[in-house]
Amino acid sequence: MHPSFRLQPIEVSKENPFANDNLNRKPIVEFVANILGKTGGEPLVLAIDSPYGTGKSIFVEMLQHELSKKNFQIIHFNAWKADHVSDPLIAMVAALDEAFPKAEASVAGIGMKEVKKFATAVIKRAAILGVKVGTGGFVDLPDGIEDAVVDAATDASTDLIEAFAKEERAARCFRTELEKLVASLPEMQKKRTLVFFVDELDRCRPDFAMSLLERIKHMFDVPNIAFVLSVDKRQLEAVTAAVYGERIDAEEYLRKFIDLEFGLPNPPKAEFIKGAIKRAGLNPVFDRRNINERDHIVRFVSVMSDAYGMSLRAVERSIVRLKLVLSFTSDDHGIYAIHTSLLIVLRSVDKPMFDKIVNRQIGPLEAMDYFRSLPGGRGKFDADDGNILEGLLIADLWDTESIHTYRLQQNTIMQRQDSTDASRNNAQHKIAILDSFTQDWDARGRMKRVAATIDIAANIRD
Ligand SMILES: Nc1ncnc2c1ncn2[C@@H]1O[C@H](COP(=O)(O)OP(=O)(O)OP(=O)(O)O)[C@@H](O)[C@H]1O
Ligand SMILES: [Mg+2]
């Protein structure tokens, strides 16, 4: 696909990690950085938990810069990129190796050499034993494998029990050396705690993910090392079940490995949507058109994303589709963009509702009731943002006569003595919105006209 049709992730720079932040992450990043600075030397495994595409990687990148600024030694480990390796320990030690200075003569240089030596011993022993690191004996080895391992062991004249004992010893030495290595951080003018980030754990090979957790628990459980795992816990639970079977209590099992969980907050998305529109290069398009269009779009994409619990990535996808559809239409298409963005969002999150609206099988007020009844919809569609949507649906779905009646009703609310100020303002806003949708152009039936294009755009795969 043409590169300008793909939204690149926001840039997180070292100098100013929050320059492009649209989700007010700074206080959250500082909060988590604080936790990591106050472990008191205790080993810690912290999970940053948030669903797919909701900003974990970017959050973690910001956190890494924040910690680096505070003089922490950090390691970034992308589990997914490493999962072709048989044993995660290999890749983890390689990441460790990169973080420490290579100078052979330095304390860290010598320490690293020892760490690598014992890591190699552990990995070799594990291979001889045919240990499936992550399976803890739960999983039946396929027929013949055990025999093959025994054969291999016998061939190598290695007693399995002996090999096991050696692995244990090597693991113990590994931990001791690792502890010493980390203890050299203050000599390097670094904070005492090494922060080891593991991203994309829920995306890699299930057995690799489980092995990695086991390796963290058994090999890296030493003072002054903190792990930060960014995961979608639901997904990681599914991975656990894939390895150990459905009968395992995945949540309970994962608790063995995770000391502290932190859920990423899901803040208001208006700024994020504005940012996505800008990143998509849509600003010049809107500048040529009616400036209010953009504000309306930002507002109701934001309510819809809350109501439907859309991820950041799902919102971005809608914006990219909007760009595509708009690029096929001329700039003088009236309120086309607002209709289009509503339908694009609906088409991706609620196809049945999309069909009903396009085929006029539902009235505007009925549709509004439905949106309000969504789990995340409560209170979201009542004020100004809801009025925009209501006005849009009315302008599109009703004939002139019904619209006239509706106007009269709102007028009555405005004039009645017993109306509260709030309901009076609301009625006034509803009329203003409806006017803006009906006065300058004929909005009726527009949605039906754009629906086919949107149906086609929905076939774009990401
Ligand atoms: N603070 C932020 N401000 C603006 N945009 C953001 C912010 N955080 C994330 N995004 C954008 O949202 C999208 C998804 O973010 P990210 O890749 O961090 O999510 P994720 O949870 O790591 O996804 P996955 O589950 O696929 O790994 C990216 O395009 C990113 O640029
Ligand atoms: Mg990610």
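Overview of results
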read-out	value
Number of the exception - E98 against (1) within 23 Å of the chain's Cα centre (by Cα); (2) away from ligand 2 (no atom under 16 Å from the Cβ)	(1)
Residue that is out of contact with any Asp or Glu (no Cβ under 7 Å at 6 or more places or on another chain) and over 26 Å from V182 (Cα atoms), where the choices are P27, P17, P51, P101	P27
Single residue of I388, I431, I413, I394 found to be under 23 Å from S311 (Cα atoms), surrounded by 13 or more Cβ atoms within 10 Å (Cβ to Cβ) and in the same structural domain as V349 (by TED's automatic domain parsing)	I388
Matching residues in the stretch 59-84 - criterion: being more than 16 Å from ligand 2 (Cβ to nearest atom) and among the polar types (S, T, N, Q)	S68, N71, Q73
Any hit, the stretch 51-58, residues being in a helix (DSSP H, G or I), surrounded by fewer than 20 Cβ atoms within 10 Å (Cβ to Cβ), more than 16 Å from ligand 2 (Cβ to nearest atom) and in the same structural domain as D259 (by TED's automatic domain parsing)	no
One residue from L23, L7, L36 being more than 16 Å from ligand 2 (Cβ to nearest atom) and in contact (Cβ under 8 Å) with a residue 24 or more places away in the chain	L36
Lone unmet requirement of (1) within 16 Å of ligand 2 (Cβ to nearest atom); (2) among the aromatic types (F, W, Y); (3) exposed (fewer than 15 other Cβ atoms within 10 Å of the Cβ) for F31	(1)
Set S419, S402: member being in a helix (DSSP H, G or I), among the small types (G, A, S) and in contact with a helix residue (DSSP H, G or I) (Cβ under 9 Å, 6 or more places away or on another chain)	S402
Some residue of the stretch 43-50 being closer than 30 Å to L324 by Cβ, touching a residue at least 40 places away in the same chain (Cβ under 8 Å), within 8 Å of ligand 1 (Cβ to nearest atom) and exposed (fewer than 14 other Cβ atoms within 10 Å of the Cβ)	no
Test for D97: is it farther than 27 Å from N16 by Cβ and either away from ligand 1 (no atom under 16 Å from the Cβ) or surrounded by fewer than 17 Cβ atoms within 10 Å (Cβ to Cβ) (or both)	yes
Matching entry among E177, E162, E246 (being surrounded by fewer than 21 Cβ atoms within 10 Å (Cβ to Cβ), assigned to a helix (DSSP H, G or I) and among the charged types (D, E, K, R))	E162
Scan of the stretch 67-80 for residues that are within 13 Å of ligand 1 (Cβ to nearest atom) and assigned to a helix (DSSP H, G or I), ordered by number	A79, W80
Whichever residue in the stretch 86-126 is β-branched (V, I, T) and in contact (Cβ under 8 Å) with a residue 12 or more places away in the chain and, among such residues, is farthest from L229 (Cα to Cα)	V107
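Quick grid of which residues meet (1) closer than 28 Å to G53 by Cβ; (2) assigned by TED's automatic domain parsing to the domain that holds E42; (3) within 16 Å of ligand 2 (Cβ to nearest atom):
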| site | (1), (2), (3) |
| --- | --- |
| L194 | no, yes, no |
| E200 | yes, yes, yes |
| R203 | yes, yes, yes |
| D207 | yes, yes, no |
| M210 | yes, yes, no |
| I216 | yes, yes, no |
| L229 | yes, yes, yes |
| A238 | yes, yes, no |
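Listed here are the residues, each with its yes/no results for (1) at pLDDT below 90; (2) in a loop (DSSP other than H, G, I, E, B); (3) surrounded by 19 or more Cβ atoms within 10 Å (Cβ to Cβ).
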| position | (1), (2), (3) |
| --- | --- |
| I273 | no, no, yes |
| D287 | yes, no, no |
| I297 | yes, no, yes |
| R313 | no, no, no |
| S318 | no, no, yes |
| D331 | yes, yes, no |
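The values are calculated or read from the model by the stated rules, or taken from the named source; none is laboratory data. Please read these numbers as outputs of a predicted model, since none were measured by experiment. Counting neighbours? That spans all protein chains shown, and the Cβs are built from the backbone with ideal geometry, glycine included.
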